[in-house]
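Take a look at the structure set out below.
The values are calculated or read from the model by the stated rules, or taken from the named source; none is laboratory data. None of the values given here were measured: they were computed from a predicted structure. Cβ coordinates were reconstructed from backbone atoms using ideal geometry, including for glycine residues, and neighbour counts include every protein chain displayed. The protein model used for the area step is the full one, side chains on, heavy atoms only, and it has no ligands, DNA or RNA in it. Shrake-Rupley method; radii C 1.70, N 1.55, O 1.52, S 1.80 Å.
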Amino acid sequence: MTAFFGRFWIDANIAISFLREGRIQSLMITLGVAIGVAVIIFITALIQGLQTNLIDSTLGSQAHIRLVSPDEVNLIAPPVDDTLQLIQEDKRPQRLRSINNWQQITDTLDQLPLLTAVSPNVSGPGFVRRGEALESVILVGTDLERYQKIIPLSEYLISGELRVSADNVLIGSELAKNLGVEVGSKLRLDSGQDDDDSSRDNNLNNNSAVVNIAGIFELGVRELDARYVYLDLKQAQSLLNLPGGITVIDLTVEDIFEAEEIAAQVGRLTSLQAESWIKTNAQLLSGLTAQSLSSNMIVGFVAISVAFGIASVLSVSVVQRTREIGILRAMGATRQQILRIFLIQGAVFGLLGSIVGSGVSYVLVWSFNTFGPNIFTIPISINLILVTMSLATLTGVIAAAIPARRAAALDPVVAIRYV
């Protein structure tokens with residue numbers, strides 16, 4: 001082992017001496033590698049930051065998985081033997097209905113290690129009225145303690161308090177703007193449903209309530225901020241004619257990209273219809289895939305350019321140092337030794353260039369985060385730096401392979417005569 005490191009040290013010193021002799025060439029190729037590494041790190045970090053921002057924006061206002069009752073379907077009698085059955089079917093309208101045995105299902109889901117949060121909610125269409133203003137909304141009744149683990153409403157609250165009760169609700173900023181209300185104002189909620197025929201005959205509507213605005217939130221999604229009204233679970237059940245029932249169970253998972261597989265497992269376990277954020281945001285996933293592909297193509301082309309640059313410089317170095325190589329061979333240097341010398345040069349180019357490039361990439365990222373549009377922040381991890389430096393060094397070694405083989409193949413007698 002000691003002899004190996006001794007030989008490696010000698011080869012490294014020879015390689016560095018060759019680099020010193022060609023300072024201008026060495027400097028130029030090192031700067032080239034540095035620029036390539038800086039571009040790779042900056043582009044990769046930029047795409048990662050953009051994707052993280054898009055995913056956080058999307059999942060910041062929705063659950064990872066939603067469980068609802070299966071769609072109602074028509075029951076069709078099977079055909080009699082030896083008959084041809086022609087069917088013209090009208091799909092059944094889906095009515096608002098509760099999930100059966102939702103308490104037991106919730107208890108079961110709470111025990112699953114795959115899930116990080118479980119929140120049973122009741123939601124349905126409704127109207128909110130203030131004076132002559134009337135807006136259609138989505139009434140969402142929930143237990144805030146559970147729901148906060150799904151969507152952290154406290155982080156989106158822009159005024160008022162995070163409180164729902166029989167007399168207090170939370171509304172979105174766009175809805176508050178459209179109705180001209182603020183914290184403390186009163187609204188009338190109406191689900192548009194009647195309890196029974198007698199109430200309709202008496203022109204009475206028991207599915208309405210006058211409530212106070214306890215807080216105003218802003219999720220960052222205009223449609224949600226204009227339509228969502230959060231209220232107490234029991235009050236929502238009463239307004240929507242679902243006493244003691246819930247219509248949806250929201251879930252979150254640790255690894256968001258495994259949501260589709262986990263949704264399938266939970267659906268089989270509960271016999272409910274499970275839908276993950278991946279399925280509901282298929283276009284977003286397609287966009288993220290296209291971004292990753294374009295980023296990988298840029299990284300690949302930059303790496304190829306760096307490799308060709310290192311290979312061309314070392315090829316010129318072999319030609320310029322043919323005489324020195326011949327002398328080394330005549331003094332007893334083996335082909336493997338000459339091979340190692342040029343491979344070490346390639347590794348040095350890659351390592352030094354990656355160190356300088358990493359510093360440049362930090363400056364680029366800092367400049368973007370400080371003077372950029374401030375739409376999102378680019379994160380830069382030490383793992384990205386280490387991986388890029390390793391790849392740059394490996395690229396340098398691979399690029400040096402052909403010139404190194406050419407140098408090792410030189411005949412010492414012919415090389416010494418070379419002028």
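One quarter of the surface of the convex hull around the alpha-carbon atoms of region 213-254 equals 4.5 nm², the direction-averaged projected area. Think of each Lys and Arg Cβ as +1 and each Asp and Glu Cβ as -1; about the Cα centre, that makes the dipole of region 112-157 roughly 60 debye. Ordered from largest to smallest accessible area (heavy atoms of protein chains, 1.4 Å probe), the residues M389, M28, M331, M297 come out as M331, M28, M297, M389.
What length, rounded to one decimal in nm, is gained on full extension from I355 through to E145, with 0.36 nm per residue of separation minus their alpha-carbon distance?
Extra length from I355 to E145 when fully extended: 70.7 nm.
What percentage of the solvent-accessible surface of region 332-380, computed with a 1.4 Å probe over protein heavy atoms, is contributed by carbon and sulfur atoms? In region 332-380, the share of accessible area belonging to carbon and sulfur is 72 percent. In region 115-272, the portion of solvent-accessible area held by carbon and sulfur atoms comes to 44 percent [1.4 Å probe, whole percent, DNA, RNA and ligands not counted].
Quick one: if the Förster radius is 41 Å, what FRET efficiency do L134 and D81 give, using the C-beta to C-beta distance and rounding to 0.05? E(calc), rounded to 0.05, equals 0.10.
Sparsely packed loop sites in region 90-152 (the GluC sites (Glu not before Pro) outside DSSP H, G, I, E and B with at most 16 other Cβ atoms within 10 Å) comprise E132.
Of the whole protein surface, V302 contributes about 30 Å² of accessible area at a 1.4 Å probe radius.
Over region 139-178, average the accessible area per residue using a 1.4 Å probe and give it in Å², no decimals.
Numbers: 1850 Å² over 40 residues.
Ligands and nucleic acids excluded, the figure is 46 Å² per residue.
Straight-line cross-link reach from K234 at under 22 Å between alpha-carbon atoms covers these lysines, not counting any fewer than eight positions away in the same chain: K149, K186. A simple spin-label model places the labels of N383 and Q88 6.0 nm from each other, with each point 7 Å out along Cα-to-Cβ. Full extension of the chain between N53 and I256 gives 71.7 nm of extra length, using 0.36 nm per residue less the Cα-Cα distance. Between E161 and N296, the simple label model (points 7 Å from Cα in the Cβ direction) yields a spacing of 5.3 nm.
Think of a 1.4 Å ball rolled over the protein heavy atoms: region 49-137 then has 65 Å² of accessible area per residue.
With 0.36 nm allotted per residue and the present C-alpha distance subtracted, the L96-S390 stretch has 100.1 nm of extension available.
For the residues L112, L219, a 1.4 Å probe over the protein chains yields an accessible-area ranking, largest first, of L112, L219. With each label modelled as a point 7 angstrom along the Cα→C-beta vector, the S185-S154 pair spans 2.7 nm.
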